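Inspection log for the structure reproduced underneath, given as structure tokens.
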Amino acid sequence: MISSLTIAQAHKKLRNKEISSAELVQACIDRIESVDKSLNAIISRNFEKALTEAKKVDSSGGFTNPLSGIPYLTKDVYCEEGVPTTGCSNILRNPTYTPPFDSTTTKRLKKAGAISIAKTNTDEFTMGASTETSCYGVTRNPWDTTRVAGGSSGGSAAGVAAAEGIFALGTDTGGSIRQPAGFCNVSGMRPTYGRTSRYGVMSMASSLDTIGPIAKTAEDMAIILQAIAGKDPLDGTTSDLAVPDYVSELKVSVKGLKIGIPHEYFIDGMSPDVEKAVRDAAKEYEKLGAILVDISLPHTKYALATYYVICPCEVSSNMSRYDGIRYGHGVTGAENLLDHYEKVRGEGFGPEVKRRIMVGTYALSAGYYDAYYRQAQKVRTLIGQDFTEAFKKVDVVLAPVSPTPAFTVGAHANDPVAMYLEDAFMDGAVMAGIPALSIPCGFSNTKSGVPALPIGLQLMGAQWQEGTILRAAHAYQQATDWHTKTPNL
Ligand code: GLN
């Protein structure tokens, strides 16, 4: 099946004229048509336009860029000119919002020749860890459809795992690329905050949101990051630091690389299968010549609480743009402006978005600002300092992505705090603004009728050191075959 090729493999075949881009796009379309009914990873399709673009790329022939003619899936928060984009929220679904412009990331991919074929499911405006807050319903895990694919970029991760696209775009505010990648046995990366442009991507929490790839290998992530990273005049938080050659850097060996193992990331209550798989991965690095170092990140236990103060505060501000006046869900018969807002937002937003708007508005209000938001910002600095200290001793920090493999659909339906706890191992990197990725590192045991479920390994690097964690991930994938395992669909 050619839709299961990696970018690097597909590129070789395109260049050698063994396949055409139109065939590759058609293979992804066929795959979506045959398996997506049981997954719900794809929420809107852009097939005709994609096929037209593929034919254009085929006739221009060169395939000089590794992304030329490669079909991909886009999380439904990236704006693309003329393509319906809803943030998986009823407030933009009816009438459907169709952006008149492209996000910087999809524009850069277009320039490289990549072809966006479909939009993927996400939690509403990316708030969640399972896609269960999406107005389109949950995305199911391709390894066990009674379980979630993770969130919020669950549609993108499930789509890549199921070979519905060659790669996908996600966003990671508090783990939304890494966690679903871990749950679905694919590779996903959150770059340093400011490495990729957020322009044209619907915001959740602007000081935490990052744009990144979900792919089948670390090599593919390097190829994608190469195309999308770098200064964007339309996003003032992007850095003008030069973008290194991530793909060439992959060749550098991990011999002598210092890998820190933080004991705070191995806690009571985590799945023994997860702990074993992650510790085995560390041993594999030792075999490859890396040096393991025990480290401490003492403020780790505050990361989750800090995230769940800062994130809702920024949500409460970002969501205020959805007022139903210029676009999106509208109402008739409102008695006055306030009544209009109440109706539009009351009908348009789901419960998780409303919860965060309320928590954030409360925490930012005059009497509580110092106690919550300001305090959280101080703790954020302390968490960042933990990492700064750690990276004086080590090059990479190795940890699990999630404490357990994918949970069942509905498991946290009545318990938002249990859902928040799913992010426990991912918010440290978020607070520190550092790059972090997830790669497959094993499967749970198949005891008591539960099918084997994928386990993710998390690698974190110092700010702007995406190249270091990508080459560490690549070295692991050269030595193991977990990432080559695909679900039976
Ligand atoms: N699960 C986290 C949340 O609900 C992360 C979301 C994200 O990274 N977009 O906020």
**Asked** For region 1-95, what log10 I(q)/I(0) values come out of the Debye formula at q = 0.17, 0.20, 0.22 1/Å, with one point per alpha carbon and no solvent?
**Response** -0.80, -1.02, -1.15
**Prompt:** Whole number please: convex hull volume per residue of the Cα set in region 106-160, in Å³?
**Reply:** 82
**Request:** Whole Å is fine, so just give me how far the alpha carbon centre of region 173-196 lies from that of region 439-475.
**Result:** 11
**Request:** Whenever you get a sec, compute what percent of the accessible area on region 68-153 sits on carbon and sulfur atoms (1.4 Å probe).
**Result:** 48
**Message:** With a 1.4 Å probe and all protein chains kept in place, how much accessible area does THR484 have, in Å² rounded to the nearest 10?
**Reply:** 80
**Backbone HN-Hα couplings from phi across region 9-17 [Karplus 6.51/-1.76/1.60, Hz, Gly and Pro as x]** = 5, 5, 4, 4, 5, 5, 5, 7, 6
**Net +/- balance of residues flanking ASP235 in space, Cβ distance below 13 Å, scoring K and R +1, D and E -1** = +2
**Request:** Could you tally the net charge around ARG198, taking each other residue with its Cβ under 11 Å from the Cβ of ARG198, Lys/Arg +1 and Asp/Glu -1?
**Result:** -2
**Asked** In what order, largest first, do THR300, THR74, THR146 sit by accessible area if the probe radius is 1.4 Å?
**Response** THR146, THR300, THR74
**Message:** Need one number: nm distance between label points at GLN9 and ASP240, each 7 Å from Cα along Cα→Cβ, rounded to one decimal.
**Reply:** 4.3
**Prompt:** In terms of the Cα gyration tensor, with a ≥ b ≥ c the square roots of its eigenvalues, is region 218-305 rounded because a/c is under 1.5, prolate because a/b exceeds b/c, or oblate?
**Reply:** oblate
**Prompt:** How much of the calculated P(r) for the chain lies past 29 Å, in percent of all Cα pairs?
**Reply:** 45
**Asked** If you roll a 1.4 Å probe over region 271-404 with all protein chains in place, what percent of the accessible area is carbon or sulfur?
**Response** 56
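With a 1.4 Å probe and all protein chains kept in place, how do LYS216, LYS283 rank by accessible area, largest first?
LYS283, LYS216
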**Prompt:** Hey, got the dipole for the chain? About the Cα centre, +1 on K and R Cβ, -1 on D and E Cβ, debye to the nearest 20?
**Reply:** 800
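Within a Cβ distance under 15 Å of GLY175, other residues only, what is the Lys/Arg minus Asp/Glu net charge?
Local net charge: -3.
Based on Cβ point charges of +1 for Lys and Arg and -1 for Asp and Glu, what charge dipole magnitude is obtained for region 1-80 about its Cα centre, in debye rounded to the nearest 20?
Using only the charged Cβ atoms, the result is roughly 240 debye.
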**Item:** Radius of gyration and Dmax over the Cα atoms of region 362-489, both given in Å
**Value:** 18.2, 55
**Accessible-area order (highest first, 1.4 angstrom probe) of the listed residues SER59, SER444** = SER59, SER444
**Complete:** One would report the antiparallel percent of DSSP beta bridges in the chain, rounded to the nearest 5, as 70
**Asked** Counting each DSSP H run of 4 or more residues in the chain as -39500 (n - 2.57), what helix-only mean residue ellipticity at 222 nm follows after dividing by all residues, to the nearest 500 deg cm²/dmol?
**Response** -11500 deg cm²/dmol
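In this model, which of LYS251/LYS485; LYS37/LYS111; LYS110/LYS343; LYS216/LYS283; LYS119/LYS485; LYS75/LYS258 are farther than 30 Å apart at the alpha-carbon?
Numbers: LYS251/LYS485 23 Å; LYS37/LYS111 32 Å; LYS110/LYS343 38 Å; LYS216/LYS283 23 Å; LYS119/LYS485 25 Å; LYS75/LYS258 35 Å.
Flagged as over cut-off: LYS37/LYS111; LYS110/LYS343; LYS75/LYS258.
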**Message:** Treating only the Cα positions of region 189-230 as identical point scatterers, give the base-10 log of I(q)/I(0) from the Debye formula at each q in 0.15, 0.22, 0.35 Å⁻¹.
**Reply:** -0.35, -0.71, -1.28
**Complete:** Measure of exposure for VAL57: accessible area at 1.4 Å probe, Å² rounded to 10, is 30
**Asked** Given a 1.4 Å probe, how much area per residue of the chain is accessible, in Å²?
**Response** 38
**Message:** What number results when the radius of gyration of region 53-197, computed over Cα atoms, is divided by 2.2 N^0.38 Å?
**Reply:** 1.03
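The values are calculated or read from the model by the stated rules, or taken from the named source; none is laboratory data. In this text the structure is predicted, and so the values were computed from the model without any measurement. Note that each Cβ is placed from the backbone with ideal geometry, even for glycine, and that neighbours are counted across all protein chains shown. Heavy atoms of the whole protein, side chains included, go into the accessibility calculation; ligands, DNA and RNA do not. Shrake-Rupley method; radii C 1.70, N 1.55, O 1.52, S 1.80 Å.
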